[in-house]
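Comments concern the structure below.
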Amino acid sequence: MATAVKDVSTESRTPAEGGTSPTLHRTARTASWIAQLAAAAILGQTLFYKFTGAAEAVALFETLGAEPWGRFAVGAAELATVLLLLTPRMAGWGGVAAVGLMVGAVLSHIAWLGIEVNGDGGALFFMALAVLATGSFVGWLRRKELLRAASGLIRK
C-alpha cells in the first residue's frame, strides 16, 4: 500500500515548524543577520554598565528619576531583546522590541538627557539611533513572518 510522503525539507517548512524563512531570500536573510548582530552587539555591550551599576548608567537613570528600578527594567528588556534578535524564529520580534526600546531611549535623550551625556560626545544617542535603524530594518525584512505569526495569534 503506497502512502503519501510529506516533503520535510528545510526550505519547505515554516519557521514555526523549524524550517528557515520561506519569505526571505538568501540576500535578505544575510542582511537581516548582519543587522540583528549589530543591534545585539550594541545592546549587549551596554548591559554590563546597567547591571553592574556603573557610575555613568546610575547618573543617567538618576537624571530620568528612575534609578535603580528603571536601570534594571531597561536592562532586562534589552537582554530579552538581544536573545530574541539572536533566535532565528524570533528575530522579527527582536527587531520590534529594539524599535520600541530605542524610541524610548531617543525620546529620553531629546526630552531630558540631551544628545551628549556625561561628555560622551553623543555616543549613547547615536548608538540608540543605530539600534533603532537596525531594529527597523530587521522588522521590515521579516514583516511577513511577523504578520503570519500575528494572524495565527488572532485566530486562536
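The values are calculated or read from the model by the stated rules, or taken from the named source; none is laboratory data. Everything numeric in this text was worked out from a predicted model, so none of it was measured. Heads up, the Cβs are rebuilt from the backbone with ideal geometry, glycines too, and the neighbour counts pull from every protein chain shown.
Go through the residues of the stretch 73-80 one by one and say whether even a single one is at pLDDT 95 or above and over 23 Å from Ala35 (Cβ atoms). Within the stretch 73-80 (the criterion being at pLDDT 95 or above and over 23 Å from Ala35 (Cβ atoms)), the answer is yes, since at least one residue qualifies. Listed by first and then second residue, the pairs linking a residue in the stretch 28-56 that is farther than 29 Å from Gly119 by Cβ to a residue that is of a type in the set (Val, Ile, Thr), with Cβ atoms under 6 Å apart and 6 or more places separating them unless they lie on different chains, are Ser32/Val138; Ala35/Thr134; Ala35/Val138; Gln36/Val138.
To keep it simple, each residue is scored yes or no on (1) over 15 Å from the mean Cα position of the chain (by Cα); (2) outside any helix (DSSP H, G or I); (3) closer than 21 Å to Thr30 by Cα.
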site	(1), (2), (3)
Val58	yes, no, no
Glu67	yes, yes, no
Leu79	no, no, no
Val99	no, no, yes
Ala111	yes, no, no
Phe126	yes, no, no
Leu129	no, no, no
Thr134	no, no, yes
Gly139	no, no, yes
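For the stretch 141-156, the set of residues classified as surrounded by 11 or more Cβ atoms within 10 Å (Cβ to Cβ) and not in a helix (DSSP H, G or I) consists of Arg142 only. Taking residues in the stretch 93-120 that are over 30 Å from Ser32 (Cβ atoms), and partners anywhere that are at pLDDT 95 or above and not in a helix (DSSP H, G or I), the pairs with Cβ atoms closer than 8 Å and at least 6 places apart or on different chains are Trp112/Leu64; Leu113/Leu64; Glu116/Gly122. Residues of the stretch 113-124 that are in a helix (DSSP H, G or I) and either surrounded by 14 or more Cβ atoms within 10 Å (Cβ to Cβ) or in contact with a Phe, Trp or Tyr (Cβ under 9 Å, 6 or more places away or on another chain) (or both): Leu113, Leu124.
Taken over the stretch 81-92, residues that are free of Cβ contacts under 8 Å to residues at least 12 places away in the same chain and part of a loop (DSSP other than H, G, I, E, B) amount to 1. Among the residues of this structure, Thr81 does not count as one that is over 14 Å from Thr46 (Cβ atoms) and hydroxyl-bearing (Ser, Thr, Tyr).
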